[in-house]
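Here the structure comes first, spelled out in structure tokens, and everything after it is commentary.
The values are calculated or read from the model by the stated rules, or taken from the named source; none is laboratory data. What you see is a predicted model; the values in this text were computed from it and never measured. Cβ sites come from the backbone with ideal geometry, for glycine too, and all protein chains shown count toward neighbours.
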Amino acid sequence: MNKTPPPGDRIAKVIARAGRASRREAERLIAEGRVAVNGEVIDRAALNVTESDKITVDDIPLDAPEPPRLWLYHKPTGLVTTNRDEQGRSTIYDELPEDLPRVMSVGRLDINSEGLLLLTNDGGVKRKLELPSTGWLRRYRVRIKGRPQDKDFEPLRNGITIEGERFQPMIVSLDRQQGANAWITVALREGKNREIRRAMEALDFSVNRLIRTSYGPFQLGNLKPGEVQEVRGRVLRDQLGLEGGEPPEGTAKPKKPSGVKRRRAGGSDDPNTTPSGGGAKRGKSTGLTGSSRGNPGDKPSKGAPRSKSANQPGAKPDTRFGTKFSSKSSSKPGSKSGSKPDAKFGTKFASKPDSDKRPQGRPAKSGKPGQPGQPGQPRDRHK
């Protein structure tokens, strides 16, 4: 005999949907007797509620669910991805902008890892993005100590078992050797605890830097450490198949980077610089894979579009160093002779056409056209 399920959704799901806590945290709040429905404290999570039910958490009414929103966050090293740390260490929530609403992290990055961390105000979105069944590829730039060969990573490509735990096959590529360290790119579709570090240790390689560069279609790009950028509502709906309008304006403004020091080119250990010592790659900030930005450590591809030269039409003066340098051509199509004097160096030099130039010390002789002494006319020696 089939039983009709009760109307509504589970209480833990509704609490997570409202952004008050994750589903697991909501179940803990219920077990602690901190959740009440219609004035009655509940002690079990197996309860369905509807929009007509009045729910309170710690005697605070549960707000109506907001439209799902998603943010890209460049997590720096030294921060723990948790609400509270028992050891008193700093967490990501201590450094997030104050005007950001209550958010939850999609997955985690350990205290020594950095890079892209997704934040959302919706527990359903969080759960969906964390499930391996979503199939989103997570890409990392990893620096390991040693001089590995490409064949050394075959066990990871085939799948490896560590201490009885099976790791799914990874996509591993050896990028470049940098002194005593090597940079590699690792991509996987699951997020087990310290998976990459444990896998490298099994191959006798130690990880000394780990950067997540992308999570599914969302890319770290040029986000500075500690910077937050919200994903447009239209992009979020397209990628997740969600319904709803644009996120409300006036809240969760992106955090402006402050005090960010630029590293000098040459000898840099930053994967954002090319091996030749060039500066960080620049590109439009779209947050999606396939944009003009590149992953940290990637070399510029051949045929990549170059920046507009100052000599090209429509180029703006170069003001990067505090001085305007207007790059103008000395001769333009259709320009007339007798251009304005060149006073760049404090001395006026009148430019003349090349046809008027004569060897120094041999001034032109005056004369009427057709008479001897006129340039270009032969001298008649018999007269």
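A few points about this structure:
- Checking each residue in segment 70-116 for being crowded, with 21+ Cβ neighbours inside 10 Å, assigned to a loop (DSSP other than H, G, I, E, B), within 19 Å of the chain's Cα centre (by Cα) and in contact (Cβ under 8 Å) with a residue 60 or more places away in the chain picks out Leu109, Ser113.
- From Arg84, Arg89, Arg108, residue being of a type outside the set (A, V, I, L, M), in the same structural domain as Val228 (by TED's automatic domain parsing) and under 24 Å from Gly216 (Cα atoms): Arg108
- Within segment 189-211, if we keep just the residues that are over 25 Å from the mean Cα position of the chain (by Cα) and among the charged types (D, E, K, R), the residue that is nearest to Glu130 (Cα to Cα) turns out to be Arg198.
- Output for segment 142-163, where each listed residue is basic (Lys, Arg) and over 14 Å from Glu195 (Cα atoms): Arg143, Lys145, Arg147, Lys151
- Unmet criterion (only one of (1) within 17 Å of Arg212 (Cβ to Cβ); (2) touching a strand residue (DSSP E or B) at 6+ places or on another chain (Cβ under 7 Å)) for Arg89: (1)
- Candidate set from segment 148-196 (those that are over 19 Å from Glu114 (Cβ atoms), touching a residue at least 12 places away in the same chain (Cβ under 8 Å) and of a type in the set (S, T, N, Q)); member that is surrounded by the fewest Cβ atoms within 10 Å (Cβ to Cβ): Gln149
- Only residues that are under 27 Å from the mean Cα position of the chain (by Cα) and farther than 12 Å from Leu203 by Cβ were counted in segment 146-181, giving 11.
- Lone qualifier among Arg44, Arg20 - being under 23 Å from Val103 (Cα atoms), out of contact with any Gly (no Cβ under 7 Å at 6 or more places or on another chain) and not assigned by TED's automatic domain parsing to the domain that holds Glu130: Arg20
- Among the numbered conditions (1) at negative phi; (2) touching a strand residue (DSSP E or B) at 6+ places or on another chain (Cβ under 9 Å); (3) in contact (Cβ under 8 Å) with a residue 12 or more places away in the chain, the only one that Asp58 does not meet is (1).
- Residues being more than 21 Å from the chain's Cα centre (by Cα) and in contact (Cβ under 8 Å) with a residue 60 or more places away in the chain - total across segment 126-145: 5
- Checking Arg102, Arg176, Arg138 one by one, the residue that is under 28 Å from Arg20 (Cα atoms), among the basic types (Lys, Arg), touching a strand residue (DSSP E or B) at 6+ places or on another chain (Cβ under 6 Å) and assigned by TED's automatic domain parsing to the domain that holds Ile196 is Arg138 and no other.
- Hey, Leu174 assigned to a helix (DSSP H, G or I) and hydrophobic (A, V, I, L, M, F, W, C) or not: no
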